[in-house]
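**Q** Okay, handing you the structure first.
The values are calculated or read from the model by the stated rules, or taken from the named source; none is laboratory data. All of these numbers come straight from a predicted model, not from anything done at the bench. No Cβ is skipped: glycine too gets one built from the backbone with ideal geometry, and neighbour counts run over all protein chains shown.
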Amino acid sequence: MEYSFPRYLLAKQSVDDRALNKDVLQALKAALPADSLSVVEVGGGIGTMLARLLRWDMLPESVAYTLIDASSENIEYARAWLPRWAASAGWGSETIRQGELRLYNAQREVCLRLIAADVFEVVEHVPTAQLLIAHAFLDLVKLPESLSPLLSLTNNLAWLTLNFDGVTTFLPTFDPALDAHLEHLYHETMMAHGDHQTGRKLFGYLERVGARIVAAGASDWVVYPQDGSYAGDEAYFLHFILHFFEQSLGDHPEVEREAFARWLAARRQQIAQGKLVYLTHQMDFLVAVRRLS
Ligand SMILES: C[S@@+](CC[C@H](N)C(=O)[O-])C[C@H]1O[C@@H](n2cnc3c(N)ncnc32)[C@H](O)[C@@H]1O
């Protein structure tokens, strides 16, 4: 199988659509202005969150949206994919000043600036926005020290979503001891860059930096077959998750190679047979920062 990160992010859309906490989403919708909004999204990948917010009719009439991602492959993919997505959704698109993209329909327009950079290297050069979005991102970075620089990108709200929180479960059980051992080691490998308990720790971290939690709730991934098949491209999503496992644990000194190979083969077969269920626990937050622009 060919593993493509942009295709993984595309396949993840329907999983995230179900997962995003709808109470937190409603609180965000209630807090957004009706006329114009500036947004900065960090670790925005290929732009699926912008597409989602437009699909869900969340955004006001006029939006200035800055998307930052460290991968230039993702940014170039976004530049090509968003106009295609826009056309399929009945929106027009055009390239305007300095490579910005404008997406528009009769009621709304979004001016999109795409930046390929490590957010921590550009944080001081990006204008503050009314809304910061960090989706499936905060568990990849060092907290709490990254929180203040990231929150400095907003003068009002931050919507911090899909923060991993310490549960990764595959069903049906393969071998209880091996399943638990692999989950434990997988979570341990996450500690190299981020934290496998980001969700719960954010309560304390946010309080420490003076951000007020407006709403919080679970946003678990629940991927399951119906009548032996998965929605959309979710079988690919599951294969990609197993690929993450293989990359993270393939050479781990505490992983017995043959047992892991059998585990991976069994999980891949369960996908093919439409039997694998995959669960992760994650948390969403809407916070208000106490800073005036
Ligand atoms: C799990 S992906 C999520 C992407 C997107 N938010 C989504 O859910 O479709 C995390 C993204 O963060 C980006 N990333 C990681 N570290 C970054 C950094 N320091 N600055 C900017 N982007 C970063 C990666 O390139 C990747 O696209």
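**Q** Is it fair to say residue 222 is closer than 24 Å to residue 25 by Cβ and within 16 Å of the chain's Cα centre (by Cα)? Working first, answer last.
**A** Working: closer than 24 Å to residue 25 by Cβ: yes; within 16 Å of the chain's Cα centre (by Cα): yes.
Here the answer is yes, as residue 222 does meet what is asked.
**Q** Considering only residues of the range 66-95 that are closer than 18 Å to residue 16 by Cβ and either without any contact (Cβ under 8 Å) to a residue 60 or more places away in the chain or of a type in the set (Val, Ile, Thr) (or both), which is surrounded by the fewest Cβ atoms within 10 Å (Cβ to Cβ)?
**A** 89
**Q** Kindly indicate whether any position in the range 9-18 is of a type outside the set (Gly, Ala, Ser) and within 26 Å of residue 212 (Cβ to Cβ). Even if it seems obvious, please write down each step before you answer.
**A** Going through the range 9-18, the residues of a type outside the set (Gly, Ala, Ser) turn out to be 9-10, 12-13, 15-18.
Filter again for within 26 Å of residue 212 (Cβ to Cβ), leaving 16.
Taking every residue of the range 9-18 in turn, at least one turns out to be of a type outside the set (Gly, Ala, Ser) and within 26 Å of residue 212 (Cβ to Cβ).
**Q** Among what's in the range 69-101 and is within 19 Å of residue 55 (Cβ to Cβ) and assigned to a loop (DSSP other than H, G, I, E, B), pick the residue that is farthest from the ligand (Cβ to nearest atom).
**A** Filtering the range 69-101 for residues that are within 19 Å of residue 55 (Cβ to Cβ) and assigned to a loop (DSSP other than H, G, I, E, B), the one farthest from the ligand (Cβ to nearest atom) comes out as 90.
**Q** If you don't mind, another one. With the requirement that a residue be among the hydrophobic types (A, V, I, L, M, F, W, C) and either more than 9 Å from the ligand (Cβ to nearest atom) or without any contact (Cβ under 8 Å) to a residue 12 or more places away in the chain (or both), what does the range 119-143 give you? Reasoning before the result, please.
**A** Step one: filter the range 119-143 for residues among the hydrophobic types (A, V, I, L, M, F, W, C), giving 119-120, 122-123, 126, 129, 131-134, 136-138, 140-141, 143.
Correct list: 123, 126, 129, 131, 132, 138, 143.
**Q** Here's another thing I want to ask about it. Scan the range 32-50 and give yes if some residue there is modelled with pLDDT of 95 or more, under 19 Å from residue 140 (Cβ atoms), in a helix (DSSP H, G or I) and within 11 Å of the ligand (Cβ to nearest atom), otherwise no.
**A** Yes, the range 32-50 contains at least one residue that is modelled with pLDDT of 95 or more, under 19 Å from residue 140 (Cβ atoms), in a helix (DSSP H, G or I) and within 11 Å of the ligand (Cβ to nearest atom).
Residue-wise test of (1) closer than 24 Å to residue 14 by Cβ; (2) buried (at least 17 other Cβ atoms within 10 Å of the Cβ); (3) not polar (S, T, N, Q).
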site	(1), (2), (3)
172	yes, no, yes
184	no, no, yes
218	yes, no, yes
223	yes, yes, yes
258	no, no, yes
